[in-house]
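Report on the following structure.
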Amino acid sequence: MPTSPQVNRAALLLLGGAALALVLALPKLAHRNRADHASLMGARSVARPLTDDATFAAYAGSAACRDCHSEVYDLWRTSHHALAERPPDPAYDDAAFFPPRTFAHGSQQSTAGGSNGNYHVTTIGLSGQSETAHVARVIGHSPLRQFLVPAPGGRLQTLEASYDPHSNAWFNVYGNEDRQPGEWGHWTGRGMNWNSMCAACHNTRVRKNYDPATDHYQTTMAEMTVSCEACHGPRKAHADWHRAGPRPGQPDPTRSPMSPTQHDETCATCHARRMDLTGEFVPGDHFADHHRLSIVDGSDAYYPDGQVREENYEYAAFLGSRMGNAGIRCADCHQVHSAKLLLPGNLVCMRCHAGNGAYPTAPVIDPAAHSFHKIDPLYGKVGSADAAPDIAALAARDRNAVWASGGECVNCHMPQTTYMQRHRRHDHGQTIPDPLLTKQYGIPNACNRCHLDQPVDWALTWTEKWYGDKMNRPSRQRAQTIAAARAGDARAVDGLLALLRDDPNPYWQAVAVGMLYPWAAEPRVASALTAAATHAHPLVRANVAAALTAAPVLQRLLDDPVRAVRYAAAWSMRGELDPESNAAQELRTVLDFVADQPVGQMQNGAAAFSRGDLPQAAAHNRTAVDWDPNSAPIRHDYAIVLSMQGQGMEAAQQLEAACRLEPQNGEFRYKLALAWHEIGRTNLVLANLQEAVRLDPAHGREPERHAFFLAAGGKLNESIPALQRAADALPGPDACYALATVYARQNNIPAARAAAARALEREANHVDTLQFLQALDAASRTK
């Protein structure tokens with residue numbers, strides 16, 4: 001072979017180097033970023049670019065509600081909503097700060113002190129040294145309180161040092177994680193930034209007002225805390241109309257009653273894990289016109305049966321439940337102004353399941369017979385007028401005793417997960433405990449959550465004895481299918497297609513669409529996804545938009561009546577949109593809104609990359625790395641851009657960092673092998689490939705990757721058939737280009753040119769192939 005550097009580089013780009021890395025990486029990147037889910041149907045709307053003054057002029061403030069609505073006002077004013085955020089108050093806070101006290105957490109210690117509303121915490125700051133921060137506000141009330149302190153750039157930051165009012169103890173909200181300055185999740189980092197992460201759900205009508213040019217906030221709000229108008233919307237016109245005096249016989253023109261769905265979607269804006277697309281939600285708007293909902297997908301945010309794993313809050317799990325799908329609403333269980341349960345314990349369930357409730361189709365359940373556990377005698381006997389429940393005594397029970405009781409409905413069907421060290425939250429998926437799923441996939445079951453001293457086989461024996469064949473229900477089969485799909489098992493496709501076709505709950509149909517993404521190119525899958533693009537529910541349509549690449553379908557979804565669907569379609573087509581189109585401008589609005597977080601910078605980088613703007617893509621990804629240096633996916637995506645810019649060594653360094661951060665990720669290790677091969681460090685290729693295959697055997701089975709593995713080991717002849725199969729199976733130019741480089745290494749120039757020509761037939765401007773042919777031409781002239 002000639003010694004031209006260009007020829008050598010082309011020959012070393014065995015599988016297309018950066019181009020193949022991009023092909024292999026971006027589908028996974030897009031899948032990871034395409035939690036492009038929506039909620040219920042909504043009329044088309046656009047973000048309202050109002051000034052703060054014009055926005056807030058429509059708000060009256062909670063005090064304006066008190067005179068006419070004193071009863072519900074009194075329920076609200078002591079609720080967790082009313083105390084969601086407030087200034088420091090000696091009545092609440094002196095006990096936390098006086099006398100001063102010091103507590104240890106990880107390798108650090110913090111000291112809290114002050115009195116009379118002037119409080120401070122001395123802890124490790126951004127400098128790495130102890131700094132004293134003065135408390136400006138308090139967020140949360142029970143079971144924990146967190147404290148906001150001012151920071152440069154218009155920021156408020158949330159301290160990790162938190163207070164438990166029940167035990168009168170300080171603790172670190174992250175336990176013993178020992179987070180350090182410079183980390184995204186340290187209290188000085190963007191993960192603990194109030195403006196972006198806390199403000200919208202702890203206050204009323206927040207305007208984040210982030211300026212990307214200066215990285216500065218001017219955050220404002222209509223009213224501090226979750227006020228009346230946070231749920232009812234701006235009501236100044238209503239208050240003014242009533243203050244003007246009675247008008248006998250004249251209906252109130254300012255009343256705008258909301259439907260039950262609108263009420264639930266107002267709750268969902270804070271009680272859901274979601275991406276805020278606009279920052280402009282107002283009660284009465286449709287959730288999916290402003291948010292994309294995170295649901296069960298290929299990640300481990302949820303367990304395959306729908307149970308929450310990460311901090312997912314309540315709404316999505318509830319949508320996936322039988323009760324949510326049957327029309328049960330938040331207000332069927334919760335008093336909307338106090339946010340407490342309407343009745344204590346099992347009594348709230350018996351409102352429907354005693355056979356005489358508002359939902360006559362609900363199955364009648366005797367808790368003792370159903371649970372095989374003892375029931376608190378205070379409940380009396382269900383359905384007996386002679387043994388009525390003692391509601392006051394039930395409400396006053398010790399919560400720890402309730403949590404330990406197997407006779408409480410919620411302890412089996414709404415198990416608790418503790419977040420922030422103190423906050424036990426009920427899973428709202430109403431799932432069924434299934435020890436078999438624990439044994440097969442590690443999915444937790446309520447039996448072993450309580451009986452920590454017993455093995456899973458013990459729980460499995462009892463559930464089979466008590467419930468028998470009833471345990472082999474559709475929800476078990478659904479979880480098994482999703483678990484198999486997450487593992488990349490193609491045998492799950494049949495089950496996913498059946499789930500999409502037959503499941504009565506649109507939530508799980510949307511899950512099926514999302515899980516079918518890896519097989520979207522298969523004709524039967526593509527056909528099913530195309531048909532689902534007209535589904536009545538936007539959750540399904542949004543996932544279709546995230547999974548499909550078929551332009552005609554995506555073009556239709558760009559004009560969907562629901563913003564979350566339009567956003568998903570625009571993201572899928574981000575490299576093809578007319579910059580002046582409504583879809584492109586709506587996407588730009590979203591990308592600007594999320595630009596204050598590392599993931600937002602990564603998304604902006606991906607959008608720039610799709611437009612071919614590599615310098616801008618690199619700048620966004622570099623910022624994302626600076627803001628979150630411990631994120632392996634961000635470093636991985638930055639490496640792709642660097643590689644495309646010809647900065648192979650820098651790309652390899654980013655991938656090395658990604659592998660250090662996630663040592664069990666076979667994909668990152670495989671990309672590192674590609675990067676070393678691209679820059680000629682062939683001595684490092686084979687070991688990284690072997691490690692990638694050890695971590696994930698699929699890397700040795702896929703045809704183009706198997707060919708790379710063979711070629712890296714010097715088995716060029718064996719790699720050619722694998723690459724030929726890949727070239728036949730894959731629609732793009734990369735496998736053909738990779739085949740051309742292998743032929744070139746064998747000095748089979750005619751075959752190399754033929755394979756390169758085939759690559760250009762598929763993509764006429766394929767840069768690597770054009771450079772490769774130029775190198776061959778240059779080499780032939782030097783002979």
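The values are calculated or read from the model by the stated rules, or taken from the named source; none is laboratory data. Keep in mind it's a predicted model, so treat the numbers as computed, not measured. Don't worry about glycine lacking a Cβ; one is built from the backbone with ideal geometry, like all the others, and counts go over all protein chains shown. Heavy atoms of the whole protein, side chains included, go into the accessibility calculation; ligands, DNA and RNA do not. Shrake-Rupley method; radii C 1.70, N 1.55, O 1.52, S 1.80 Å.
Within the span defined as segment 251-264, one or more residues are surrounded by 20 or more Cβ atoms within 10 Å (Cβ to Cβ) and either in contact with a helix residue (DSSP H, G or I) (Cβ under 8 Å, 6 or more places away or on another chain) or under 29 Å from Asp332 (Cβ atoms) (or both).
Taking segment 227-269 as the range and being β-branched (Val, Ile, Thr) and touching a strand residue (DSSP E or B) at 6+ places or on another chain (Cβ under 8 Å) as the test, the residues that pass are Thr266, Thr269.
Answer with yes or no whether Met644 is out of contact with any Gly (no Cβ under 8 Å at 6 or more places or on another chain), in contact (Cβ under 8 Å) with a residue 60 or more places away in the chain and open to solvent by 30 Å² or more (accessible area, probe 1.4 Å).
Working: out of contact with any Gly (no Cβ under 8 Å at 6 or more places or on another chain): yes; in contact (Cβ under 8 Å) with a residue 60 or more places away in the chain: yes; open to solvent by 30 Å² or more (accessible area, probe 1.4 Å): yes.
It is true that Met644 is out of contact with any Gly (no Cβ under 8 Å at 6 or more places or on another chain), in contact (Cβ under 8 Å) with a residue 60 or more places away in the chain and open to solvent by 30 Å² or more (accessible area, probe 1.4 Å).
Total residues in segment 576-609 satisfying the condition of being open to solvent by less than 10 Å² (accessible area, probe 1.4 Å), free of Cβ contacts under 8 Å to residues at least 40 places away in the same chain and among the polar types (S, T, N, Q): the figure is 1. Run Pro561 past the list (1) open to solvent by 30 Å² or more (accessible area, probe 1.4 Å); (2) free of Cβ contacts under 8 Å to residues at least 24 places away in the same chain and report the number of the one that doesn't hold. It fails just one condition, (2). Considering segment 543-552, the residues that are part of a helix (DSSP H, G or I) and open to solvent by 10 Å² or more (accessible area, probe 1.4 Å) include one that is modelled with the lowest pLDDT, namely Ala551.
For (1) in contact with a Leu (Cβ under 6 Å, 6 or more places away or on another chain); (2) closer than 16 Å to His291 by Cβ; (3) touching a residue at least 40 places away in the same chain (Cβ under 8 Å); (4) in a loop (DSSP other than H, G, I, E, B), each residue gets a yes or a no:
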position	(1), (2), (3), (4)
Glu229	no, no, yes, no
His242	no, no, yes, no
Gly249	no, no, no, yes
Thr254	no, no, no, yes
Met258	no, no, no, yes
Thr261	yes, yes, yes, no
Thr266	no, yes, no, no
Cys270	no, yes, yes, yes
Glu280	no, yes, yes, yes
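Determine if segment 131-152 includes at least one residue that is modelled with pLDDT under 95, closer than 25 Å to His202 by Cα and surrounded by fewer than 18 Cβ atoms within 10 Å (Cβ to Cβ). Within segment 131-152 (the criterion being modelled with pLDDT under 95, closer than 25 Å to His202 by Cα and surrounded by fewer than 18 Cβ atoms within 10 Å (Cβ to Cβ)), the answer is no, since none of the residues qualifies.
For (1) surrounded by fewer than 15 Cβ atoms within 10 Å (Cβ to Cβ); (2) more than 28 Å from Asp178 (Cβ to Cβ); (3) in contact (Cβ under 8 Å) with a residue 60 or more places away in the chain; (4) touching a helix residue (DSSP H, G or I) at 6+ places or on another chain (Cβ under 8 Å), each residue gets a yes or a no:
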{"position": "Leu75", "(1), (2), (3), (4)": "no, yes, yes, no"}
{"position": "Ala84", "(1), (2), (3), (4)": "no, yes, yes, yes"}
{"position": "Asp89", "(1), (2), (3), (4)": "yes, yes, no, no"}
{"position": "Ala96", "(1), (2), (3), (4)": "no, no, yes, no"}
{"position": "Arg101", "(1), (2), (3), (4)": "yes, no, yes, no"}
{"position": "Gln108", "(1), (2), (3), (4)": "no, no, yes, no"}
{"position": "Thr111", "(1), (2), (3), (4)": "no, no, no, no"}
{"position": "Ser115", "(1), (2), (3), (4)": "yes, yes, no, yes"}
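When the residues of segment 137-158 are filtered to those that are in contact (Cβ under 8 Å) with a residue 40 or more places away in the chain and part of a loop (DSSP other than H, G, I, E, B), the one that is farthest from Phe97 (Cα to Cα) is Gly153. Here Tyr163 qualifies as of a type in the set (Ser, Thr, Tyr), surrounded by 17 or more Cβ atoms within 10 Å (Cβ to Cβ), in a strand (DSSP E or B) and in contact with a strand residue (DSSP E or B) (Cβ under 9 Å, 6 or more places away or on another chain). If only residues of segment 626-641 that are surrounded by fewer than 21 Cβ atoms within 10 Å (Cβ to Cβ) and free of Cβ contacts under 8 Å to residues at least 40 places away in the same chain are counted, the one that is farthest from the chain's Cα centre (by Cα) is Asp626. Taking the stated definitions as given, is Ala222 open to solvent by less than 30 Å² (accessible area, probe 1.4 Å) and modelled with pLDDT of 95 or more? When the stated conditions are applied, Ala222 does not pass them. In segment 697-733, the residue that is modelled with the lowest pLDDT out of those that are open to solvent by less than 40 Å² (accessible area, probe 1.4 Å) and within 32 Å of the chain's Cα centre (by Cα) is Gly700.
Take the residues in segment 421-437 that are touching a Pro at 6+ places or on another chain (Cβ under 9 Å) and of a type outside the set (Asp, Glu); name whichever of them is most open to solvent (accessible area, probe 1.4 Å).
Step one: of segment 421-437, the residues touching a Pro at 6+ places or on another chain (Cβ under 9 Å) are 422-424, 426-427, 431, 433, 437.
Still in the running and of a type outside the set (Asp, Glu): 422-424, 426, 431, 433, 437.
Details: Arg422: 78, His423: 55, Arg424: 97, His426: 56, Thr431: 21, Pro433: 21, Leu437: 6 Å².
In this case the residue turns out to be Arg424.
A single member of Ala756, Ala727, Ala744 is within 25 Å of Thr549 (Cα to Cα) and in a helix (DSSP H, G or I), and it is Ala727. For first residues located in segment 655-680 and without any contact (Cβ under 8 Å) to a residue 12 or more places away in the chain, partners that are buried (at least 19 other Cβ atoms within 10 Å of the Cβ) and lie 6+ apart or on another chain with Cβ distances below 6 Å do not occur.
Scanning segment 515-534 for residues that are modelled with pLDDT of 95 or more, assigned to a loop (DSSP other than H, G, I, E, B) and surrounded by fewer than 18 Cβ atoms within 10 Å (Cβ to Cβ) gives a single hit, Thr534. Can you confirm whether Ala551 is of a type outside the set (D, E, K, R) and over 23 Å from Met573 (Cβ atoms)? Criteria not met by Ala551.
Scanning segment 325-366 for residues that are surrounded by 20 or more Cβ atoms within 10 Å (Cβ to Cβ) and closer than 21 Å to Asn445 by Cβ yields Asn346, Cys349. Checking every residue in segment 247-270 against the condition of being among the small types (Gly, Ala, Ser) and within 30 Å of Asp489 (Cβ to Cβ) gives zero matches. Restricting segment 404-420 to residues that are crowded, with 17+ Cβ neighbours inside 10 Å and under 24 Å from the mean Cα position of the chain (by Cα) leaves a set whose member that is farthest from Asn445 (Cα to Cα) is Met420. Name the residue that is farthest from Phe318 (Cα to Cα), counting only residues in segment 472-508 that are open to solvent by 50 Å² or more (accessible area, probe 1.4 Å) and part of a helix (DSSP H, G or I). So, considering only residues that are open to solvent by 50 Å² or more (accessible area, probe 1.4 Å) and part of a helix (DSSP H, G or I), the one farthest from Phe318 (Cα to Cα) is Asp494.
Every listed requirement among (1) modelled with pLDDT under 80; (2) open to solvent by 30 Å² or more (accessible area, probe 1.4 Å); (3) within 34 Å of the chain's Cα centre (by Cα) is met by Arg694 save one, (1).
Return a yes/no flag: does segment 757-780 have any residue that is more than 23 Å from Leu674 (Cβ to Cβ) and buried (at least 19 other Cβ atoms within 10 Å of the Cβ). Steps first, please.
Let us first name the residues in segment 757-780 that are more than 23 Å from Leu674 (Cβ to Cβ), namely 757, 761, 764, 777-780.
Then drop every residue that is not buried (at least 19 other Cβ atoms within 10 Å of the Cβ), which leaves 779.
Taking every residue of segment 757-780 in turn, at least one turns out to be more than 23 Å from Leu674 (Cβ to Cβ) and buried (at least 19 other Cβ atoms within 10 Å of the Cβ).
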